[in-house]
Amino acid sequence: MEEVVIVGAGIAGLATAVALKKVGVRALVLERSEELRTTGAGLGLFANAWVALDALGVSDKLAALYTPMEKGSITDVKTKSIQEVHYPGNRNGAQPRAVHRKVLLEVLAEELPPNSIRFSSKITSIETQVEHGLSICIVMLDDGTIIKSKVVIGCDGVHSIVARWLGLRPPVYSGRSAVRGLSVFPKGHGFDHGHAIQQFVDVGKRAGFIALNDKEVYWFFAATCPPKGVEKGADPEMIQREVMENLAKDFPHVYLDVIKHSDLSSLTWAPLMFRYPWDILFGNLFRSSVTVAGDAMHPMTPDLGQGGCSALEDAVALGRHLGNSIAEHGKLVTGDIGFAIERYAKERRLRVATLITASYLSGWVQQDGSNRFMRFLRDVFYGFLLSRVVKSITKYDCGKLHGVSPLP
């Protein structure tokens, strides 16, 4: 019998395991891959994410590795006009930074006790049973292993088995796809770290890059049409060539040069999926002592950079509610777990539904530009609204973890 089983060792899964450790609960993390997943290469962490990382006790370790983002530029590929965007910190001084996804996962994993993560563990089904008058969760793996647990938390991504078991409707395709990659400049790239992210917009296309350190640059390209041949399993070199020679051929040389320096092993293409916000507001985010977090709960488009940030918020919120239950009863009491998870779901519904909506609308405005009105709307958004939207979203405080003695 495990106290808690977490399905998935991505950002949400590992952060939740760290949060639970902080409140005195050991969790077993089941990961289907053979090692930590690094799909995505890099990600931006805004002020709200650093509040969560501080609660998890890893913010200083991670912040020491990366330069804060202060501002960025957005270039209209057609008109060549450039607008500047500032990225605010919060009142406690937390500044946004771009980080390697792999480094974030490793920093979180290092906080966990030995053997907390079980790799090559693919779940096939979940069920709940009543034993001795108490409800327990049964998780079955594809190798025949059966694991019993008081709590199951699905952090198993966009196509979550746990979310499906809860009855949440599947995510939908946004109509856009994205290529992401990591570029390496052995002699240094020469970009200004303070001028953090450079973005480029065209009709139906949005792209950008940001320096992670002196030699590595994370880049992305999002469009309403996927690279040709991707559906047939195109190799990374084909994707790179399709972006450079077709989809982004009119983009500035500085951007094409970044793509040219790609580490092909880091290159990924994926359709951009999201869950309808009303499915979050009115759907089943929990049942008994089973719930979801991260992309398993709220997949969203990446236009405001809040996917990873909100997953970290989830982890702290869930840890806080379970920690409060432990503080009240002295241990994880099966009869009270459902109430703690219900409070967690109630707290997160409106927040993540808002993020999904704002991200989708932001992407729609930024990437259209198909007529004069949409270009005007996009210019207004960049000139007056983007900084305000980012500031409003990133000032969110997910709270702290407290109440009990953490595990060693």
## Note on the structure
For Thr128, Thr16, the accessible-area ranking with a 1.4 Å probe, largest leading, is Thr128, Thr16
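In the neighborhood of Ala270, defined by Cβ-to-Cβ distances under 11 Å, what is the net charge if each Lys or Arg adds +1 and each Asp or Glu adds -1?
+2
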### Query
Using alpha carbons only, how many degrees (0 to 90, rounded to 10) separate the axis of helix 47-56 from the longest principal axis of the chain?
30 degrees
### Whole-Å distance, taken between Cα centres, linking the range 1-19 and the range 143-204
17 Å
### Message
Given a 10 angstrom Cα cut-off, can you work out which residue in Lys215, Lys391, Lys150 is the most mobile in a GNM of the chain?
### Response
Lys215
### Message
Let me cross-check Ser73: its accessible surface, 1.4 Å probe, with only protein heavy atoms counted, in Å² to the nearest 10?
### Response
10 Å²
### Task
Among Gln199, Leu45, His329, pick out the residue whose Cα is farthest towards the positive end of the charge dipole of the chain, where Lys and Arg carry +1 and Asp and Glu carry -1 on C-beta, about the Cα centre.
Gln199
### Query
How many percent of the accessible area of the range 41-193 is carbon or sulfur, using a 1.4 Å probe?
51 percent
### Computed magnitude of the charge dipole of the chain (debye, nearest 20; Cβ of K, R +1, Cβ of D, E -1)
840 debye
### Query
Using the Cβ atoms and a cut-off under 13 Å, what net charge is assigned to the surroundings of Ala12, where Lys and Arg are +1 and Asp and Glu are -1?
-2
### Query
Considering the chain as a Gaussian network with a 10 Å cut-off on Cα pairs, which listed residue, Gly283, Gly44, Gly308, attains the greatest mean-square fluctuation?
Gly283
### Query
If one takes the longest principal axis of the Cα atoms in the chain, at what angle in degrees, from 0 to 90 and to the nearest 10, does the Cα axis of helix 101-110 lie?
20 degrees
### Task
Could you work out which residue, out of Gly208, Gly181, Gly335, moves most in a Gaussian network model of the chain, that is, has the largest mean-square fluctuation with Cα springs under 10 Å?
Gly335
### Query
For Phe185, Phe339, what's the largest-to-smallest order of accessible area, 1.4 Å probe?
Phe339, Phe185
### Query
Can you give the accessible area of Lys205 in Å² (nearest 10), computed on protein heavy atoms with a 1.4 Å probe?
40 Å²
### With DNA, RNA and ligands ignored, accessible area of Ser174 (1.4 Å probe; Å², nearest 10)
20 Å²
### Coordinate range along principal axes, alpha carbons of the chain, Å, largest first
70, 48, 44
### Message
Probe of 1.4 angstrom, ligands and nucleic acids ignored: what's the accessible area per residue over the chain, in square angstrom?
### Response
43 Å²
### Summary
Lys pairs in the range 1-103 with Cα under 26 Å (8 or more apart in sequence, or on separate chains) total 8
### Query
Helix 11-22: angle to the longest alpha-carbon principal axis of the chain, degrees 0 to 90, nearest 10?
40 degrees
### Task
Under a cut-off of 16 Å between alpha-carbon atoms, report the lysines in cross-link reach of Lys187, not counting same-chain residues fewer than 8 places apart.
Lys215, Lys260
### Summary
Total charge of the residues flanking Ile280 in space, meaning their Cβ is under 9 Å from its Cβ, with Lys and Arg +1 and Asp and Glu -1, is +2
### Message
Just to make sure I understand: if all protein chains stay in place, what is the order of Val162, Val184, Val130 by accessible area at 1.4 Å, largest first?
### Response
Val130, Val184, Val162
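The values are calculated or read from the model by the stated rules, or taken from the named source; none is laboratory data. Given the structure is predicted, the values throughout are model-derived calculations rather than measurements. Note: ideal-geometry Cβ built from the backbone for every residue, glycine included; neighbour counts use all protein chains shown. Remember, those area values only see protein heavy atoms, side chains included, never the ligands or the DNA or RNA. Shrake-Rupley method; radii C 1.70, N 1.55, O 1.52, S 1.80 Å.
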